[in-house]
Amino acid sequence: MVNVKFLGHSCFEIYDEKHRLIIDPFLTDNPLAGEKAENIKVDFILLTHGHADHIGDALDIAKNNNATIIAPFELASYCEKNGAQVHPMHIGGSFAFPFGRVKLTLALHGSAIVTEGNPIYTGNPCGFLIYIQDKVIYHAGDTGLFGDMKLLGELNKIDLAMLPIGDNFVMGIDDAVEAVKMLNPGKVIPMHYNTWDIIKADPEEFCKKIEGLSTECIILSPGKEISI
Ligand code: NI
Ligand code: MN
């Protein structure tokens with residue numbers, strides 16, 4: 001059994017009996033965070049891109065847990081320079097970690113760490129396919145809709161997809177509905193909405209719009225989890 005816990009925004013903790021990992025741990029500065037960064041116990045941290053609402057507390061969590069950051073090469077290099085253990089990857093590549101295989105997927109977005117208005121660019125953003133036990137999990141990262149999602153759906157029997165619905169920076173609800181049609185996941189959890197007014201969206205509307213498809217829509221409030 002694989003457990004998936006939503007911690008707000010795009011942050012999910014995934015764990016089974018032996019392994020724990022976290023994706024995009026934006027907790028301290030998230031007004032709707034489901035956990036405090038100092039309570040996170042993980043072996044691996046997966047980062048989709050360098051924006052503050054994704055890298056979040058990654059460096060602190062990595063140091064506190066002696067955990068390894070898995071990220072696109074340029075972002076991994078930044079994290080390594082800032083004291084973290086890293087495993088660099090890039091889009092299209094996969095690697096077998098102790099918990100399972102991770103493959104980096106395309107994401108249509110930007111990636112930079114912005115301090116005082118000056119961006120340090122951290123390469124291309126990504127999404128993740130995570131193969132853990134007999135499950136396939138797809139975390140889209142921050143992205144607009146793209147047609148290759150169809151290929152991801154054809155090549156993988158996706159058990160669970162996490163898709164952004166908040167619009168403005170990422171897919172809005174209608175594009176996320178199209179993503180569900182292409183990916184055909186068993187379950188979908190909407191993410192990246194309502195953290196701030198600029199990404200306000202109604203997850204119930206998203207679920208209503210995919211009624212009739214073979215995908216179960218699951219809305220998780222921060223701190224809640226499911227088993228798949
Ligand atoms: Ni972003
Ligand atoms: Mn974001």
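Would the range 61-70 turn up any residue that is within 16 Å of ligand 1 (Cβ to nearest atom) and on the phi > 0 side of the Ramachandran plot? Talk me through it step by step, then tell me what you get.
Pass one, the range 61-70, residues within 16 Å of ligand 1 (Cβ to nearest atom): none.
No; the residues of the range 61-70 include none that is within 16 Å of ligand 1 (Cβ to nearest atom) and on the phi > 0 side of the Ramachandran plot.
Within the range 168-184, being closer than 23 Å to Pro25 by Cβ and either within 13 Å of ligand 2 (Cβ to nearest atom) or in a loop (DSSP other than H, G, I, E, B) (or both) holds for Asn168, Phe169, Val170, Met171. When restricted to residues that are away from ligand 2 (no atom under 16 Å from the Cβ) and not aliphatic (A, V, I, L, M), the range 34-74 contains 16. From the list Lys41, Lys36, the one residue that fits, being within 20 Å of Gly223 (Cβ to Cβ), more than 16 Å from ligand 1 (Cβ to nearest atom), touching a Leu at 6+ places or on another chain (Cβ under 8 Å) and basic (Lys, Arg), is Lys36.
Per the conditions (1) over 13 Å from Gly50 (Cβ atoms); (2) within 15 Å of ligand 1 (Cβ to nearest atom), the sole criterion not satisfied by Lys181 is (2). Taking the residues in the range 98-121 that are over 22 Å from Leu163 (Cα atoms), in contact (Cβ under 8 Å) with a residue 40 or more places away in the chain and in a loop (DSSP other than H, G, I, E, B) as candidates, determine which candidate is nearest to ligand 2 (Cβ to nearest atom). Filtering first and then ranking leaves Phe99.
Residues in the range 142-167 that are assigned to a loop (DSSP other than H, G, I, E, B), farther than 17 Å from Leu104 by Cβ and away from ligand 1 (no atom under 16 Å from the Cβ): Gly147, Lys157, Asp159. Here the condition is being more than 29 Å from Ala52 (Cβ to Cβ) and buried (at least 17 other Cβ atoms within 10 Å of the Cβ); of Thr215, Thr195, it holds for Thr215 alone.
If you check Met162 against the conditions, is it closer than 17 Å to Gly34 by Cβ and in contact with a Ser or Thr (Cβ under 8 Å, 6 or more places away or on another chain)?
Working: closer than 17 Å to Gly34 by Cβ: yes; in contact with a Ser or Thr (Cβ under 8 Å, 6 or more places away or on another chain): yes.
Considered against the rule, which asks whether it is closer than 17 Å to Gly34 by Cβ and in contact with a Ser or Thr (Cβ under 8 Å, 6 or more places away or on another chain), Met162 comes out as yes.
Where a number appears in this text, it was derived from the coordinates with a stated rule and is not lab data. Everything quoted here is computed from the prediction, not taken from an experiment. Using ideal geometry, Cβ is built from the backbone for each residue, glycine included, and neighbour counts are taken over all protein chains shown.
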